[in-house]
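The values are calculated or read from the model by the stated rules, or taken from the named source; none is laboratory data. The model shown is predicted, which means the values in this text are computed figures rather than measured ones. Neighbour counts are summed over all protein chains in view; Cβ atoms, including those assigned to glycine, are modelled from backbone coordinates with ideal geometry.
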């Protein structure tokens, strides 16, 4: 089991962080000061140590250097002061992760996993393992052409890059083992991939469009109309997550099973950014 040490002088925050990581099946030990951490690491080497910059006696940077000197294979994640970035001295440590405050709890699994997979100083990132080919007999691709343009989006540009968009959506489907990935424009289901049938994809597309209209109205009232909007719905056995690629162009992921919402969000944002580059002039 992956072993993580959480070191934070804020007892409430350390407890929150540790309990969430334990819920994600990590072996977690927490400390409220750095005085006992090095001894604990020597007793049983951790895979990752999460250090808050608010630590004193020793401070987080001093403790990080001692951990690296003891075992260069220990990965480090630093928590900057609220609303701040890492100081240059911290960046020089080449840490594997940064956990900025405030953060969204469902994003934590993806951030921890990224830190655990990031190369150590002197290492070269290994090329990603080839993705398994999808089971074509179970994967459907569908959609319909767009006929109207909206600000920042061109149907003609989209049609030119449709194959690349479908590839990005297919990669997202495979990475998450998702049931379906949909792209909708207003209330039109433009492209979908996955194991959903046409009727199921259409129902989800319409439901997302209806929810999106309400969300954009609320966002406009709150003055957040120009931010990337998100919707999420979680049940015991599935997650539905949607986010805006551009005005009225929405990427939706339907994932069943144990896929954590934070991981779904992380992968979907990356795909949305790639699709945005394809589709927007």
- [ ] Considering (1) free of Cβ contacts under 8 Å to residues at least 40 places away in the same chain; (2) buried (at least 16 other Cβ atoms within 10 Å of the Cβ); (3) part of a helix (DSSP H, G or I), say which one residue 58 fails and leave the rest.
- [x] (3)
Open item on the list: With assigned by TED's automatic domain parsing to the domain that holds residue 30, modelled with pLDDT of 80 or more and surrounded by fewer than 17 Cβ atoms within 10 Å (Cβ to Cβ) as the only criterion, which of 66, 91, 84 stands out?
Closed with: 66
Task: Tally of residues being exposed (fewer than 13 other Cβ atoms within 10 Å of the Cβ), assigned to a helix (DSSP H, G or I) and either modelled with pLDDT of 75 or more or under 22 Å from the mean Cα position of the chain (by Cα) (or both) across region 204-232 - done: 1
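Residue-by-condition table, conditions (1) under 23 Å from the mean Cα position of the chain (by Cα); (2) over 13 Å from residue 76 (Cβ atoms); (3) in the same structural domain as residue 77 (by TED's automatic domain parsing); (4) surrounded by fewer than 19 Cβ atoms within 10 Å (Cβ to Cβ):
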site	(1), (2), (3), (4)
12	no, yes, yes, yes
16	yes, yes, yes, yes
22	yes, yes, yes, yes
34	no, no, yes, no
37	no, no, yes, no
44	no, yes, yes, yes
51	yes, no, yes, no
54	no, yes, yes, yes
- [ ] Kindly check whether there is at least one residue in region 195-202 that is at pLDDT below 80 and out of contact with any helix residue (DSSP H, G or I) (no Cβ under 7 Å at 6 or more places or on another chain).
- [x] no
Task: Among the candidates 106, 128, residue that is modelled with pLDDT under 85 and under 21 Å from residue 204 (Cβ atoms) - done: 106
Open item on the list: Please go through region 188-203 and give me each residue that is surrounded by fewer than 15 Cβ atoms within 10 Å (Cβ to Cβ) and free of Cβ contacts under 8 Å to residues at least 40 places away in the same chain, ordered by number.
Closed with: 199, 203
Task: Of residues in region 249-269 being out of contact with any helix residue (DSSP H, G or I) (no Cβ under 8 Å at 6 or more places or on another chain) and outside any strand (DSSP E or B), the one modelled with the lowest pLDDT - done: 258
